[in-house]
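Below is one structure, written out as structure tokens; the observations come after it.
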Amino acid sequence: MAERPILSVEGLSTGYGAVTALNGVSMSVSRGGICAVLGANGAGKTTLLRTLSGLKRADSGRVLLDGTDITRLPAERHVRHGLVHVPEGGGVIVELSVVENLRLGGLWRSGRRARLQRTDEVLELFPPLRERADRPAATLSGGERQMLALGRALMARPRVLLLDEPSLGLAPLVTRQIMQMLLKLRAEQELTVVLVEQNARSALSITDHGFVLNQGEVVMADSSSRLLADDRMRHAYLGF
Ligand code: ATP
């Protein structure tokens, strides 16, 4: 029997007033997988992540995390269930130091010792952050800030990480480094990653599977290699 997907989305719909942003989105994400959510501006990618993580209310449909219905839970309960969302831009607080930002990601966890230990583990994963642990986040480069956003999310030991455009505004070389880092984290931290990206080509180069959204609907779901090879799909929805 096939293993139960870690994340199942069934007929999810939501909108903003009269605007429909998601219209019956269904998708299934395998445990330990890394999948891309692609599509043009306004396709519904950010809304999908916000609805999955409880920041936006679903009008209908369900989100199951490892079989548990989390659709109606408040956002902070999603974190406790192991689903963590890194918003576009990372949400790093620039006035705080690197370590203080990391601690924010573990605040809800009880036990000071456990929190300190996790901070050390996360700093081990990101040597550039360890070197700058006490500096304000404002002094970090764009790539380092993105690392900090990832590190802060990892403080919660997520099972599923939702990442909204981690490459936004980064140079191609830094984007490649971030993508390679995701592969490493997936392997070392037993993570499942859902990656929203404008840069479809670089996302498909590291993901196993891709979902293409258009006007709030999934218009294609396939292996990343097949999506990359599909000229018609690439031209119509992915812009390359
Ligand atoms: P982008 O890549 O530009 O971020 P996206 O694929 O993430 O686009 P969403 O931001 O989820 O798309 O937007 C989906 C639809 O919902 C669009 O029609 C957008 O205009 C609309 N929308 C998004 N946020 C709001 C909002 N706060 N109020 C009203 N409409 C919104």
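Some points to look at:
- Summing Cβ point charges (Lys, Arg +1; Asp, Glu -1) relative to the Cα centre of the stretch 33-191 gives a dipole of roughly 400 debye.
- Centre separation in Å (Cα based) which lies between the stretch 32-99 and the stretch 155-214: 14
- Counting beta carbons within 10 Å around each of 184, 56 and listing the fewest first gives the order 184, 56.
- Most to least packed among 72-79, 102-109 [average Cβ atoms within 10 Å]: 102-109, 72-79
- The chain - percent relative contact order, Cα under 8 Å, separation 6 or more: 27
No lab work stands behind these numbers, since they all come straight from the coordinates. Keep in mind it's a predicted model, so treat the numbers as computed, not measured. Cβ coordinates were reconstructed from backbone atoms using ideal geometry, including for glycine residues, and neighbour counts include every protein chain displayed.
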